[in-house]
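Here's the structure, in structure tokens; my notes come after.
Please treat every number below as a calculation from the coordinates, not as lab data. Computed from a predicted structure; not experimentally measured. Cβ atoms come from the backbone with ideal geometry, glycine included; neighbour counts cover every protein chain shown.
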Amino acid sequence: MAHGRDRLVKIIDPHIHMVSRTTDDYQALAVSGIHTITEPAFWAGFDRGTVEGFKDYFNQLTVSEPARAAKFGVKHYCWICLNPKEAEDLKLAEEVLEIIPDFLDKPTVLGVGEIGLNKNSRNELKILERHVAIAAERNELILVHTPHLEDKLKGTRLIMETILSEPRISPSRVIIDHGEEHTVEEIRDKGFWVGLTLYPNSKCSPARAVDIVETYGSDCIWINSAADWGVSDPLATLKAANEMRLRGHPESLIQKIFYENPKAFLSQSPKFEAS
Amino acid sequence: MGGEKSPMSGKEVLEVYFLENRARLIDIASFLDRVDRTRDPETGKTDFRYKAFMRGLKILVESEGNRTKALQINFSDLSREPRKSAVGLKGAYGAWEGPFGENH
């Protein structure tokens with residue numbers, strides 16, 4: 001069993017919500033070897049009331065946040081969408097969908113995300129279908145949010161059915177995120193990439209994420225922190241990497257999970273270049 | 001789809017993880033005792049979350065492998081039809097209240 005070697009791992013955190021984090025967090029990412037991040041559009045903790053509110057948020061993701069990250073030597077990419085938690089107001093959702101293509105054209109936007117389901121409702125499904133159609137028309141990558149806890153298994157299956165019913169989308173260009181022990185196998189069996197999220201209580205611990213890699217293998221899988229405005233850890237990926245090292249996994253496997261795999265998936269977008 | 005296997009021996013796993021998981025087990029016992037000490041323990045024990053938790057403990061003892069996946073499925077909504085509406089719903093409970101919320 002190998003214990004901590006003094007090596008700076010090169011890590012991409014492909015799912016982190018930096019608009020909710022401080023400059024101290026950027027500093028911590030940079031000095032820890034996390035120099036490339038991608039930030040999906042998500043729920044702000046409250047429902048936005050107007051399309052202008054979304055426009056401001058998308059401007060923050062595509063203009064302000066990359067500039068803030070660059071001051072710390074961190075490359076910031078993002079994904080644009082309407083989060084499923086805000087899909088029940090169909091009128092507003094349609095207005096937001098209208099402005100999304102303009103933002104998808106921005107130079108640091110890698111695709112549509114994080115789309116998906118939250119409580120597996122009919123309106124959430126309608127808006128998911130609309131996002132999938134936009135991605136298909138524009139040949140965009142897709143980053144999927146799967147629901148929490150008891151809703152995850154059903155939601156993951158509904159999401160996969162919806163995406164697979166769109167023949168223009170290859171599952172190899174879709175990452176289904178927040179996978180856990182009961183969904184990872186089904187996701188990869190259908191040809192999708194799978195993401196594991198290190199988040200206290202509601203998702204994976206570093207130890208469980210490594211258990212999943214040991215159980216299901218290291219292909220087409222990435223691990224992220226999804227750090228946001230809740231209790232979460234922007235350096236969680238480092239802790240999972242260290243968990244692998246503690247167990248004696250080789251550095252080449254650690255590098256594959258935390259750098260090569262996300263780089264391979266994200267490089268399907270011509271806009272992406274890893275630092 | 002083969003896994004990477006654990007490079008650790010069984011003894012090493014125990015050396016590294018036994019104490020923290022022993023503590024977790026005691027925390028679970030303490031949680032159940034806490035429910036017992038409430039002024040209305042039967043209310044807690046008929047809650048769908050408590051029932052799912054107790055089923056989970058049985059799965060831990062009786063399963064011979066894939067315990068984590070079995071536990072996850074134990075807590076999952078196993079219905080297939082989309083919910084009519086999610087208005088007013090944001091979070092999750094951690095266990096499924098049943099097809100008609102009958103255990104809620």
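General observations
- Dipole magnitude of chain A about its Cα centre (Cβ charges: Lys, Arg +1; Asp, Glu -1), debye to nearest 20: 620 debye
- Net +/- balance of residues flanking A:E243 in space, Cβ distance below 10 Å, scoring K and R +1, D and E -1: +3
- Using bins of 10 Å that start at zero, the share of Cα-Cα pairs per bin across the protein assembly as shown amounts to 5, 23, 32, 25, 12, 2, 0, in whole %.
- Where Rh is the Kirkwood radius over Cα pairs, Rg/Rh for region A:40-112: 0.98
- A helix-only calculation puts chain A at -11500 deg cm²/dmol for mean residue ellipticity at 222 nm, using -39500 (n - 2.57) for each DSSP H run of at least four residues, averaged over all residues.
- Footprinting exposure proxy for A:H76, A:H17, A:H145 (fewest neighbouring C-beta atoms within 10 Å first): A:H76, A:H17, A:H145
- If the segment from A:A70 to A:N242 were pulled out straight at 0.36 nm per residue, it would be longer than the present Cα-Cα gap by 59.3 nm.
- Distance (nanometres) between label positions extended 7 Å along Cα→Cβ at B:V61 and A:S170: 5.1 nm
- Equivalent ellipsoid semi-axes, region A:157-275, via Cα gyration tensor eigenvalues times 5, rooted, Å: 23, 17, 15
- Look at the dipole of chain A built from charges on Cβ: of A:Y259, A:S172, A:N139, the Cα furthest out on the positive end belongs to A:Y259.
- Helix A:90-104 axis, angle to chain A major axis (alpha carbon atoms, nearest 10°): 60 degrees
- Calculated mean residue ellipticity, 222 nm, chain B: -17500 deg cm²/dmol, from DSSP H runs (n ≥ 4) at -39500 (n - 2.57) each, averaged per residue and rounded to 500.
- Ordered by the count of other Cβ atoms within 10 Å of each Cβ, fewest first, B:Y50, A:Y216 give B:Y50, A:Y216.
- Annotated for chain B: lysine pairs at least 8 residues apart or interchain, Cα distance under 29 Å, count 13.
- Take each residue in A:81-88, count the other chain C-beta atoms within 10 Å of its C-beta, and the mean is 1.
- Listed values for region A:158-172 are Karplus-derived 3J(HN,Hα) couplings in whole Hz (6.51 cos²θ - 1.76 cosθ + 1.60, θ = phi - 60°), namely 5, 4, 5, 4, 5, 5, 5, 7, 9, x, 6, 9, 8, x, 5, and x replaces Gly and Pro.
- Three semi-axes describe the equivalent ellipsoid of region A:115-197; taken as square roots of 5 times the Cα gyration tensor eigenvalues and ordered largest first, they are 18, 15, 10 Å.
- FRET E, pair A:A30, A:D56, Förster distance 35 Å, beta-carbon r, rounded to 0.05: 0.85
- Interchain or long-range residues, amide H under 5 Å from A:H15's placed H: A:T38, A:S225, A:A226
- Angle in degrees between helix A:206-216 and the longest Cα principal axis of chain A, rounded to the nearest 10: 90 degrees
- Global geometry of chain B, whether rounded, prolate or oblate, following the gyration tensor of its Cα atoms and the 1.5 cut on a/c: oblate
- For region A:235-240, the Karplus equation 6.51 cos²θ - 1.76 cosθ + 1.60, evaluated at θ = phi - 60°, returns couplings of 9, 4, 4, 4, 5, 5 Hz by residue, with Gly and Pro reported as x.
- Cα gyration tensor shape of region A:217-265, rounded if a/c is under 1.5, else prolate or oblate by comparing a/b with b/c: oblate
- Remark: for residue pairs A:K119/A:K256; A:K106/A:K263; A:K91/A:K271; A:K126/A:K154; A:K75/A:K256, the C-alpha separation exceeds 23 Å in A:K119/A:K256; A:K91/A:K271.
- Averaging Cα coordinates gives a centre for region B:70-99 and one for region A:112-131; these two points are 16 Å apart.
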